[in-house]
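K.L.:
The structure follows.
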Amino acid sequence: MSSVPVVRVALPTPLRRLFDYRAPPSDTPSAAIEPGMRVRVPFGRQRLIGVAWQTAAGSELPEERLKPVLERLDPRPIFDPATLDLLGWAADYYHHPLGEVLAAALPKALRLGAAIDAVEVRWRLTAAGRAAWAQGEPRRAPRRRALLGVLAGADAAGEAGLTAGELDAKLDSWRDAARALVARGWLAALHCAGSRPGDAEQASAHGAVSAGPEPNAEQRVAIERISESLGAFGGFVLQGITGSGKTEVYLRVVARALRLGRSALVLVPEIGLTPQLVGRFRQRFERPMAVLHSALTDHERLLAWRDAFSGRARIVLGTRSAVFASVPDLGVIIVDEEHDASFKQHEGGFRYSARDLAVVRAQRSGVPVVLGSATPALETLQNVAGGRYTRLVLSRRAAAAVLPRISLLDLRSSAMRAGISTPAVQAIERHLGAGGQVLVFLNRRGYAPTLLCTACGWIAPCRDCDARLTVHLSAGRLRCHHCGADTPLPARCPQCGFAVKPVGQGTEKIEETLATLFPGIPCIRLDRDVVRRRGDLEEAMRRMASGEARILVGTQMVTKGHDFPNVTLVVVLNADQGFFSTDFRAPERLAQTIVQVAGRAGRGEKAGEVLIQTEFPDHPLLLSLLAGGYEGFAGAALTERRQAAWPPFSRLAAVRDSASTAEAALAFLTQARKSAEDLRAEGGPGTRGIRLLGPAPAAMAKRAGRHHAQLLVESADRAALHRFLDAWLPVLETLPSARRVRWALDVDPMELF
Ligand code: ADP
Ligand code: ZN
Ligand code: ZN
């Protein structure tokens, strides 16, 4: 025990605790360390950069064992309190060490100690505040009136707001009044990078650059309902197929928030962050925007992060990890394509759902959150059914387009030509003949998924995975889609020397087949093999949109992006992978894909047609999709989930591990299970409703040379599950077999394998 001032620091280590350091002496410039500032501290023989989490007047440790903080890296916190609060919540909920969670939320440059510009907070009036002041508000509260008066004076004098020091000089006490006025949307606190004097002015520029189309009736209802909630939490599900005008609703809601002096955080899936989307935001607002995605360099990421943090950018648009960006004066959060799997981080140590964290962040910041999708996740629909979210539906296509007609093609009874059935070929011919464009969807890139020896039956395997190598014919390579292994395409069987041949179809093969079937018709392919850079996608989209290309073959990539108003036929070549997975979410993903792809047909004046090739035309979930659309499917699928007690009717956590041998991977999880059972036998916290499933090898057990396995923990009660995990994790960390594996906890796992 000692009673010297200490700083409790969250360090990027796997240890689930804070570390006490002696605060710098009170007469040094770096004395005032506040939560959210980075500090450099000694840690064993290393020096680490961590984040001050708390300060305290004393420590459990004796004084002589307390080491001093070596350096304070930030003159002011680099996390705002709301973001710190969210990260603390996330560390608890995902049971991950706080220091690592904080590190994950920072751009790499800042993790490594880069200086953030000298930053100051400037208080200024918003447009709403200016209008209120002009109307003589606030009439009663004298402190607020005095504060508004001082800022109105500065505003009239053309100053970019006043700093706390300047306000302190003019007013006796103003901080409570400022908080109250920020809550009303009359004041904003801008964090201005000192080196960019013009920024605050730029950030205060109001008004839309382009007005956008007049919203239709349903869009108006959605915009009104969400806007009414600005200033308080509200969960909204904006459900509408692609092209129904969701983005238009986002743009209008964001405009409202900006008008109130607030900022907006917009999250999009990896594949959804297309230049068009960014372009539409840029076109609509003249304000600087921070765009955060995985393709940024470290420096670009730092700049974008800083623009968000400083308040320079009033719109922060990004993929998964942007949910952790500091966004001052947050007014609304939007999650586009909320069902998309890329919102879940399912690798590494800290596995989180950006969609779920967006909802938590909105709750804790008291702002509305909009979850947009044509095909909301079943969890989300269940939240609507339970009254937790408000559903807003855009049932019609914005530009009066007609919905496509969907039918099944029974593969068991039709002749096939390299993966395309005769009726599908005839339909393509018909639509091309009528001047339409055709989209052919197949969720498998490459030429063929298998290379087979016709003499001895040898199949080209990946050496490091339980998987076959995919034939990439034009590149002359065999590639593993799981570990990236890449070898030359052999001309002969390495086992018997006989000829080998590709079996099955990938997009490359389909492109070839279509070229043979429809000579002279320009066809383009869209998948990760042809799209290497952002510009490639753009170019393909442009050729399709301009009508230069008539047929588009592609993977998931074709479901988002540009409008193709002239696409009248969509063919889904293989809808069957979703039915045979060990993952209970596979049918949901399949239905979502079908609906998204189908949504590409008939977006213009002409009605569209969708053909789905399947060997299981009687599958109940497929039939429910056809008869009742996504709603019908969701109803049937939720009933199945309820019967099987899967989420959202229960809560899951997965302990996953990998090791150099299958035995080691299973040994750890077997011990883990045993320790859970021991806890249960002792009546440990939360253990009563716990169900343990496994351990079992992953469906593809060997990946990249490592053997994977998992153990599932299920409980009907979320709180009980978390109490159990709190008690169980420290036990897992000390299991002797833990040293021979890499393991991680995945709370609310999205993919089970
Ligand atoms: P989504 O985000 O649901 O795919 P978008 O907002 O991108 O839909 O709208 C699809 C297309 O329809 C866009 O080109 C958009 O400009 C246009 N659009 C949206 N709302 C309207 C409207 N009310 N009137 C006319 N066109 C609209
Ligand atoms: Zn052979
Ligand atoms: Zn492999």
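The values are calculated or read from the model by the stated rules, or taken from the named source; none is laboratory data. What you see is a predicted model, and the numbers here were worked out from it, not measured in a lab. Backbone-built Cβ (ideal geometry, glycine too); neighbour counts: all protein chains shown.
K.L.:
Could you identify the single residue in ALA738, ALA676, ALA744 that is more than 16 Å from ligand 2 (Cβ to nearest atom), closer than 30 Å to ARG355 by Cα and under 31 Å from the mean Cα position of the chain (by Cα)? Explain how you work it out, then say what you get.
P.N.:
Working: ALA738 fails: closer than 30 Å to ARG355 by Cα; ALA676 fails: under 31 Å from the mean Cα position of the chain (by Cα).
After ruling out the rest, the residue left standing is ALA744.
K.L.:
Quick check, is ALA654 buried (at least 17 other Cβ atoms within 10 Å of the Cβ) and among the hydrophobic types (A, V, I, L, M, F, W, C)?
P.N.:
yes
K.L.:
A further question follows. Give me the strands (runs of 3 or more DSSP E) completely within region 463-532, filtered to those with at least 1 residues that are under 35 Å from the mean Cα position of the chain (by Cα) and not small (Gly, Ala, Ser), ordered by residue number.
P.N.:
So the answer is 470-472, 477-479, 486-488, 523-526.
K.L.:
Ok, one more. Of the numbered conditions (1) basic (Lys, Arg); (2) more than 10 Å from the chain's Cα centre (by Cα); (3) modelled with pLDDT under 95, ARG361 fails exactly one; give the number of that condition.
P.N.:
Result: ARG361 fails condition (3) only.
K.L.:
Ok, one more. Identify, please: which residue in region 422-477 is among the polar types (S, T, N, Q) and more than 19 Å from PRO502 (Cα to Cα) and is, among those, nearest to ligand 1 (Cβ to nearest atom)?
P.N.:
GLN437
K.L.:
Related question: Does region 339-351 include one or more residues that are buried (at least 24 other Cβ atoms within 10 Å of the Cβ) and either touching a residue at least 12 places away in the same chain (Cβ under 8 Å) or in contact with a strand residue (DSSP E or B) (Cβ under 9 Å, 6 or more places away or on another chain) (or both)?
P.N.:
Yes: one or more hits.
K.L.:
Here's something else I'd like to know. Within region 568-588, can one find any residue that is within 16 Å of ligand 1 (Cβ to nearest atom), modelled with pLDDT under 95, among the aromatic types (Phe, Trp, Tyr) and over 24 Å from the mean Cα position of the chain (by Cα)?
P.N.:
no
K.L.:
Confirm whether ARG703 is of a type in the set (Lys, Arg) and either out of contact with any Cys (no Cβ under 7 Å at 6 or more places or on another chain) or at pLDDT 95 or above (or both).
P.N.:
Judged against the criteria, ARG703 is not a match.
K.L.:
Test PRO502 against the stated conditions and say whether it is surrounded by fewer than 12 Cβ atoms within 10 Å (Cβ to Cβ) and either hydroxyl-bearing (Ser, Thr, Tyr) or away from ligand 1 (no atom under 16 Å from the Cβ) (or both).
P.N.:
So PRO502 does not fit the description; no.
K.L.:
Need pairs with beta-carbon distance below 9 Å; first residue among the aromatic types (Phe, Trp, Tyr) and within region 475-493, second more than 7 Å from ligand 3 (Cβ to nearest atom) and part of a loop (DSSP other than H, G, I, E, B); sequence gap 6+ or separate chains.
P.N.:
Short answer, once both residue conditions are applied: none.
K.L.:
I've got another one for you. Considering only residues that are within 12 Å of VAL291 (Cβ to Cβ), at pLDDT below 80 and out of contact with any His (no Cβ under 7 Å at 6 or more places or on another chain), which ones fall in region 264-278?
P.N.:
THR274, PRO275
K.L.:
To continue, here is another question. Would you pick out the residues in region 352-366 that are surrounded by fewer than 23 Cβ atoms within 10 Å (Cβ to Cβ) and basic (Lys, Arg)?
P.N.:
Residue satisfying the conditions is ARG364 alone.
K.L.:
Any idea which residue in region 212-232 is surrounded by the most Cβ atoms within 10 Å (Cβ to Cβ), counting only those that are of a type outside the set (A, V, I, L, M) and in contact (Cβ under 8 Å) with a residue 60 or more places away in the chain?
P.N.:
The selected residue is GLN219.
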